[in-house]
1. What is the set of long-range amide H partners of Val185 at a cut-off below 5 Å, with H atoms built 1.01 Å from backbone N?
2. With +1 on the Cβ of every Lys and Arg and -1 on the Cβ of every Asp and Glu, and nothing else charged, how large is the dipole of region 20-225 about its Cα centre, in debye rounded to the nearest 20?
3. What percent antiparallel are the DSSP beta bridges of region 114-226, to the nearest 5?
4. Can you tell me which aspartates and glutamates have their Cα less than 20 Å from the Cα of Lys171? Leave out same-chain residues fewer than eight positions away.
5. To make sure I understand the rule: partners must be lysines, Cα under 22 Å from the Cα of Lys147, and not fewer than 8 residues away in the same chain. Which ones qualify?
6. Does region 34-130 come out rounded, prolate or oblate, given a ≥ b ≥ c as the square roots of the eigenvalues of its C-alpha gyration tensor, rounded meaning a/c under 1.5 and, failing that, prolate meaning a/b above b/c?
7. Note down, for region 20-225, the three equivalent ellipsoid semi-axes (square root of 5 times each alpha carbon gyration tensor eigenvalue), biggest first, whole angstrom.
8. Say each of Asn128 and Arg203 gets a label point 7 Å from the Cα, pointing the same way as Cα to Cβ; how far apart are those two points in nm?
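Read the figures in this text as sums done on the coordinates, not as results from a lab. Owing to the predicted nature of the structure, the values given are computational and were not obtained by experimental measurement. For neighbour counting, all protein chains shown are included, and Cβ atoms are generated from backbone atoms with ideal geometry for every residue, glycine included.
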Amino acid sequence: MHPCAALVERHVSPAASTGSAADFMPERRTLPALREAAARCRGCQLWTRGTQTVFGEGPRHARVMLVGEQPGNDEDLAGKPFVGPAGRVLDRALEAAGIARGDVYVTNVVKHFKWEPKGKRRIHAKPNQMEIAACLPWLEAELDLVKPTVLVCLGATAAQALLGGKFRVTKQRGEWIASRWAPRVMATVHPSAILRAPDDAARHAEMERFVADLKHIPPVLAARAA
Ligand code: URA
Ligand code: SF4
């Protein structure tokens, strides 16, 4: 084969990824345009592993944005964020904190499900720094359009992607932090950490702490609306 043909072949190989979601950004940035473009993203290798891109969901002018890590098994199949077991924990916590999920924009740092086979199941695998960096342009574009008043990072992956690698959720959970992403930014645990609690008592205590963190949100919204 001519050497150029080999190069071309490599370039168009179906498993190729470009290294960044930025290569797939649409010129017109609207949420529907972003969602459509993200569906064709090959910014990292994860597009080959998931069923579909799971883009963020919620009102264009939501005042609260919640950011998780990546879609799980159920989200991968449904094409929507936080619809599985962790999503149900989140729904209950939001309700207990007096926040309507329908008013919130919910998304993830990484838009494809990364998984490893375990028997017949697909189990969660942590996204690496390359995948996180490759996918970040989507989240930045979402933040840029929605411009939430309150941004909540759910768990260490979101907190470190948006607030820096040194950020420790265990030390600063529930605190308002200065950041360029929104007037008010906070990190708390990921709802799946509550599901992993060793027993009912621990799960209950973890849920109460999570709800207590989320309860900081409504007063901020009320103060800024006044
Ligand atoms: N966990 C996440 O971080 N995001 C989802 O959408 C579901 C589970
Ligand atoms: Fe693109 Fe993100 Fe999916 Fe990677 S995980 S292919 S960067 S949408």
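1. Sorted by chain and number, the residues that satisfy this are Leu151, Ile177.
2. Dipole about the Cα centre, nearest 20: 200 debye.
3. 50
4. List returned: Glu69, Glu206, Glu208, Asp213.
5. Qualifying lysines at Cα under 22 Å: Lys80, Lys111, Lys215.
6. Oblate, since a/c reaches 1.5 and b/c is not below a/b.
7. After scaling each eigenvalue by five and taking roots: 25, 22, 15 Å.
8. Placing both labels 7 Å along Cα→Cβ, they lie 3.4 nm apart.
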